[in-house]
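*Asks:* Okay, handing you the structure first.
The values are calculated or read from the model by the stated rules, or taken from the named source; none is laboratory data. All values reported here derive from a predicted model rather than from experimental measurement. Cβ: placed from backbone, ideal geometry, glycine included. Neighbour counts: every protein chain shown. Heavy atoms of the whole protein, side chains included, go into the accessibility calculation; ligands, DNA and RNA do not. Shrake-Rupley method; radii C 1.70, N 1.55, O 1.52, S 1.80 Å.
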Amino acid sequence: MYRLIAFLLLTGLAGSVVAAGNAEAGEAKAGACVACHGPAGISPNPDWPNLAGQQEGYLLLQLKAYRDGQRQHPLMSPMVQGLSDQDLADLAAYYHSLPADGE
């Protein structure tokens with residue numbers, strides 16, 4: 001099963017399975033993310049990842065993994081509980097749209 005998911009993601013065939021993200025909507029939903037990941041998606045703490053410019057599909061997979069319990073983190077897991085697939089897709093689109101250098 002995991003090989004099939006990896007294949008679909010790597011070949012881009014999973015796009016129809018995932019809701020299309022809206023970066024503008026994601027920006028409106030990202031208020032709680034700023035505390036750890038910074039206002040431009042560049043984290044002020046080296047222990048937390050920069051999100052700006054990351055691949056949208058990768059971000060979406062990680063967010064879903066935290067929400068669905070496949071990944072556990074004492075700060076991230078509770079932050080994404082209750083978010084819909086569309087919320088996660090919007091957040092992923094927003095952070096993907098930001099420049100990776102934070103400018």
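*Asks:* From the list Gln62, Gln86, which residue is within 23 Å of Glu24 (Cβ to Cβ) and open to solvent by 70 Å² or more (accessible area, probe 1.4 Å)?
*Replies:* Gln86
*Asks:* Pairs only if they're at least six apart or on different chains, beta carbon under 7 angstrom, first in the range 29-46 and of a type in the set (S, T, N, Q), second open to solvent by 60 Å² or more (accessible area, probe 1.4 Å); list them, first residue then second.
*Replies:* Here the result reads Ser43/Pro49; Ser43/Asn50, each pair linking the range 29-46 to a residue that is open to solvent by 60 Å² or more (accessible area, probe 1.4 Å).
*Asks:* In the range 1-54, what count of residues is obtained for those that are part of a loop (DSSP other than H, G, I, E, B) and either at pLDDT 60 or above or open to solvent by 80 Å² or more (accessible area, probe 1.4 Å) (or both)?
*Replies:* Residues flagged as part of a loop (DSSP other than H, G, I, E, B) and either at pLDDT 60 or above or open to solvent by 80 Å² or more (accessible area, probe 1.4 Å) (or both) within the range 1-54 amount to 24.
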